[in-house]
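The values are calculated or read from the model by the stated rules, or taken from the named source; none is laboratory data. Computed from a predicted model, the values in this text were never measured in an experiment. Cβ sites come from the backbone with ideal geometry, for glycine too, and all protein chains shown count toward neighbours. Surface areas here come from the heavy atoms of the whole protein model, side chains and all, with no ligands, DNA or RNA. Shrake-Rupley method; radii C 1.70, N 1.55, O 1.52, S 1.80 Å.
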Amino acid sequence: MQKYRVAVVGLGRMGSTLDISIAAACQFSDRLELVAGAETIPERRAAFTENWGVDSVYEHYVEMIEKESPDIVAVCTTATGLPKPGNRAPSRDFRGDSHAEVATAAAKAGVPMLYVEKAVACSMEAADGIRDACEKSGTIINSGVLMRFDTQFEFIRDAINRGDIGQPTHAVAYTASNTLMHMHIHSIDMLSYLLGDPGVVAARGELLPRGLVIEDNRLDEDPRATYHIRFENGVEAWSIPAGSRDFEIIGSEGTIRSMSQGRAAIFRKSDDRQDPQPHFLETMIPTSEAPMTTVVCLEDLIDAYENKRPPRGDLGIVHNITEACLAIGESHRLGGAWVDLPIDNRDLYIFHV
């Protein structure tokens with residue numbers, strides 16, 4: 001069984017230190033070999049070597065890619081390249097977009113596979129650059145919307161696709177007070193995944209606080225937001241600013257709701273009794289221990305590469321979900337109007353961590 005060489009750009013949380021980091025995932029898969037890391041902070045390079053036994057560390061990712069020729073590059077910097085907390089742009093002319101910059105450069109260098117932390121870009125102009133570079137080079141991509149790779153959601157997606165709730169008509173994400181680019185990208189991506197990725201075609205939304213003004217076509221902080229989106233298959237979806245990452249799909253014959261980030265779910269279906277009072281058959285869906293999402297994500301990339309198929313979160317999906325988020329920001333700028341995708345304002349920049 002062939003092993004694939006993994007190089008990590010950004011040796012902080014998702015790159016190296018979290019239990020579900022890319023470096024940790026490489027230890028749990030016989031398909032992955034961690035070979036190198038790049039980081040501008042010397043202490044992180046030293047810790048990466050000590051923790052993972054990898055001596056090939058670099059200050060500059062371009063040099064790492066040139067010298068190591070990795071099969072997979074994992075882009076795990078902050079979105080803008082600023083060290084954490086880095087939760088606000090340092091100046092009004094700052095347009096840092098590290099995820100997009102590194103991903104585009106890696107694709108242009110001919111790297112076959114990319115993992116890119118979410119959101120992959122701060123503007124659609126930068127997201128378009130990733131798409132164009134990957135299409136030209138044939139690079140395939142999965143991004144860090146890791147709920148898509150949580151196998152416990154597969155049961156729910158399969159039930160919906162089988163027609164267990166009839167034809168899906170509406171969807172709801174219960175997401176508390178999530179920020180737009182860093183967190184709502186998860187909720188929109190999960191709704192898309194559960195519905196079979198029909199594609200978002202229009203969005204409108206509200207940024208919070210409600211008086212927030214987008215000046216000079218940019219936001220210097222990632223805003224909290226609520227949204228209403230339309231999918232190509234006619235399903236409409238809303239975010240509710242309450243709850244703990246619950247996702248509900250409502251169909252013509254029943255509903256199915258994932259609760260507590262996929263750790264429980266409930267299925268309700270109307271029964272066949274002819275009775276003026278409604279009846280529901282209610283069933284809890286069994287759950288089990290799921291494998292590490294980053295392992296699932298990276299091994300999905302490898303399988304897609306070997307079998308010449310789109311990965312689970314392929315380039316078109318990544319681009320569409322990123323655009324849906326930015327369309328919500330554009331809707332707020334236009335006073336809450338519906339914004340059709342593709343959006344005209346490719347230059348709208350929303351800073352996020």
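Exposed loop sites here are GluC sites (Glu not before Pro) in DSSP loop states with at most 16 other C-beta atoms within 10 Å. What is the longest stretch of the chain lacking them? So the longest stretch without any such site is 60-220.
Round to the nearest 0.05 the FRET efficiency obtained for E43 and N87 when R0 = 25 Å and r is the Cβ-Cβ distance. All intermediate terms of the calculation are to be shown ahead of the outcome.
Details: r = 21 Å, r/R0 = 0.85.
Once the sixth-power term is evaluated, E becomes 0.70.
Which of the three applies to the range 82-164, rounded, prolate or oblate, going by the alpha-carbon gyration tensor with a ≥ b ≥ c and a/c under 1.5 meaning rounded? Numbers along the way, then the final one.
Working: a/c = 2.64, a/b = 1.52, b/c = 1.73.
Oblate, because a/c is 1.5 or more while a/b does not exceed b/c.
Residues of the range 227-253 with backbone nitrogen within less than 16 Å of a virtual label 7 Å along the Cα-to-Cβ line of L208, please, listed as ranges. In the range 227-253, the label zone of L208 (backbone N under 16 Å from the point 7 Å along Cα→Cβ) covers 227-228, 238-246.
Can you work out the accessible area per residue across the chain, with the rest of the protein chains kept in place, probe 1.4 Å, in square angstrom? Before the final figure, lay out each step's value.
On the way: 15270 Å² over 353 residues.
Result: 43 Å² of accessible area for each residue.
If you take the alpha carbon atoms of the range 125-244 and fit the smallest convex hull around them, that volume is 134 Å³ per residue. Taking K and R as +1 and D and E as -1, what net charge do the other residues with C-beta under 10 Å from the C-beta of S331 add up to? Counting the neighbours of S331, the net charge comes to 0. Here the spin labels are modelled as points 7 Å beyond Cα on the Cα-Cβ line, and at D340 and R5 they lie 4.8 nm apart.
Remark: the S177-Q261 segment gains 28.7 nm on full extension, using 0.36 nm per residue and subtracting the alpha carbon distance. Alpha carbon centre of the range 27-100 versus the range 287-353: separation in Å? Spelled out, the Cα-based centre of one part sits 21 Å from the other. Using the Cα coordinates of the range 296-353, the gyration tensor eigenvalues translate into equivalent-ellipsoid semi-axes of 31, 12, 8 Å, sorted from longest to shortest. Place a point 7 Å from the Cα of E215 along the Cα-to-Cβ direction; which residues of the range 77-112 have their backbone N under 18 Å from it? From the range 77-112, the list is 88-95. Between 0 and 90 degrees, the angle of helix 42-52 with respect to the longest Cα principal axis of the chain falls at about 70 degrees. Between E232 and N51, the modelled label-to-label distance comes to 3.9 nm, taking each label 7 Å out from Cα in the direction of the beta carbon. Axis angle, to the nearest 10 degrees, between helix 124-137 and the longest C-alpha principal axis of the chain: 70 degrees. Against the chain, whose longest principal axis is taken from its Cα atoms, helix 293-307 shows a tilt of about 80°. The sum of -39500 (n - 2.57) across all DSSP H runs of n ≥ 4, divided by the residue count of the chain, sets its helix-only mean residue ellipticity at 222 nm to -9000 deg cm²/dmol. Here the dipole of the chain is about 340 debye; that uses its Cα centre as origin and unit charges on the Cβ of Lys and Arg (positive) and Asp and Glu (negative).
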